[in-house]
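The values are calculated or read from the model by the stated rules, or taken from the named source; none is laboratory data. Predicted model only: the values in this text are computed from it and were never measured. Note: ideal-geometry Cβ built from the backbone for every residue, glycine included; neighbour counts use all protein chains shown.
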Amino acid sequence: MFNYLKPATPPALAAPLQGPRVYLRAPRLSDWRPWAELRAASRVFLEPWEPSWPEDPFSRAVFRGLLRRHARESRDGTGYSFFIFRRTEDSLLGGVTLSNLRRGIAMSCSLGYWIGASHARQGLMTEALRSLLPLVFDEFGLHRLEAACLPTNVASRRLLGKLGFREEGYACDYLRINAHWHDHVLFALLASDYQETSDYGVTGDVTGGT
């Protein structure tokens, strides 16, 4: 039975989330330079799938603004942000967000993610998201994790399918991406689906995925 009033307690986020080759933790101000360098090197790779980038997108001021927003959402219990690092080198690989966290009768949140161009298609995002699922379903006690991607984003669609997400529908002009409204394919993973994969294991990796 789900606890509809269960808070997202700080202890659940105190330690990094561990995967076989990666770990996830909250962004820090000291991450600014690696973040800026990775985003700059990956701009052509990332821009088609993301909202319009601000002017001077790699500045310390922009990064500080992101950290303030992340801190506010975490404090309010409405969203949580993580950076993904390679365990052997502590090198930044990408990021994951849980946003629009809703309790009460919804008990759900939305998933977002990005990875640097040089780290894509190596199964690293698969590991990162798998390490995040226990937080969503076991610690936060949510019922539903939602995601959406552009119909042309084959790698993302394959990634979500591999993790057990079900394709639920097609939303017209759903999100404003790269300065234009775009249709999106909608996905969701339920707590019951997650429990099945936890009980029996999810094998394999995303070929050509993120």
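Any idea which residue in the stretch 113-128 is farthest from the chain's Cα centre (by Cα), counting only those that are of a type outside the set (A, V, I, L, M), part of a helix (DSSP H, G or I) and closer than 21 Å to residue 50 by Cα?
118
Being over 19 Å from residue 179 (Cα atoms), part of a helix (DSSP H, G or I) and of a type in the set (Lys, Arg) is the filter here, so list the residues in the stretch 19-48 that pass it. 33, the sole residue that qualifies.
Does residue 56 satisfy being modelled with pLDDT under 95 and at negative phi? Don't jump to the end; show me each part of the working.
Details: modelled with pLDDT under 95: yes; at negative phi: no.
When the stated conditions are applied, residue 56 does not pass them.
Candidates 173, 199: the one that is at pLDDT below 95, over 23 Å from residue 20 (Cβ atoms) and either crowded, with 20+ Cβ neighbours inside 10 Å or over 15 Å from the mean Cα position of the chain (by Cα) (or both) is 173. The set of residues from the stretch 129-147 being touching a Phe, Trp or Tyr at 6+ places or on another chain (Cβ under 7 Å), in a helix (DSSP H, G or I) and over 14 Å from residue 24 (Cα atoms) comprises just one member, 137.
Could you tell me whether the stretch 84-97 includes any residue that is within 22 Å of residue 140 (Cβ to Cβ) and of a type in the set (Gly, Ala, Ser)? Looking for residues that are within 22 Å of residue 140 (Cβ to Cβ) and of a type in the set (Gly, Ala, Ser), one finds at least one in the stretch 84-97, hence yes. Against the test of being under 13 Å from the mean Cα position of the chain (by Cα), among the hydroxyl-bearing types (Ser, Thr, Tyr) and over 23 Å from residue 186 (Cβ atoms), the options 110, 91, 131 yield a single qualifying residue, 131.
Is it the case that the stretch 67-81 has a residue that's surrounded by 14 or more Cβ atoms within 10 Å (Cβ to Cβ) and more than 28 Å from residue 188 (Cβ to Cβ)? Yes: the stretch 67-81 contains one or more residues that are surrounded by 14 or more Cβ atoms within 10 Å (Cβ to Cβ) and more than 28 Å from residue 188 (Cβ to Cβ).
Taking the stretch 49-77, which residues are touching a residue at least 24 places away in the same chain (Cβ under 8 Å) and either in a helix (DSSP H, G or I) or charged (D, E, K, R) (or both)? Break it down stepwise before answering.
Here is the first cut: in the stretch 49-77, the residues touching a residue at least 24 places away in the same chain (Cβ under 8 Å) are 49-52, 60, 63-64, 66-67, 70, 73-74, 77.
49, 50, 60, 63, 64, 66, 67, 70, 73, 74 - these are the residues of the stretch 49-77 that are touching a residue at least 24 places away in the same chain (Cβ under 8 Å) and either in a helix (DSSP H, G or I) or charged (D, E, K, R) (or both).
Restricting attention to the stretch 95-112, the residues that are of a type in the set (D, E, K, R) and either surrounded by 20 or more Cβ atoms within 10 Å (Cβ to Cβ) or in a loop (DSSP other than H, G, I, E, B) (or both) add up to 1. When the test is whether a residue is without any contact (Cβ under 8 Å) to a residue 12 or more places away in the chain and touching a strand residue (DSSP E or B) at 6+ places or on another chain (Cβ under 9 Å), residue 109 does not pass it. Of all residues in the stretch 144-157, exactly one satisfies the criterion of being buried (at least 21 other Cβ atoms within 10 Å of the Cβ) and farther than 19 Å from residue 50 by Cα, namely 145. Is the stretch 122-137 home to any residue that is hydroxyl-bearing (Ser, Thr, Tyr) and surrounded by fewer than 17 Cβ atoms within 10 Å (Cβ to Cβ)? No, the stretch 122-137 has no match at all.
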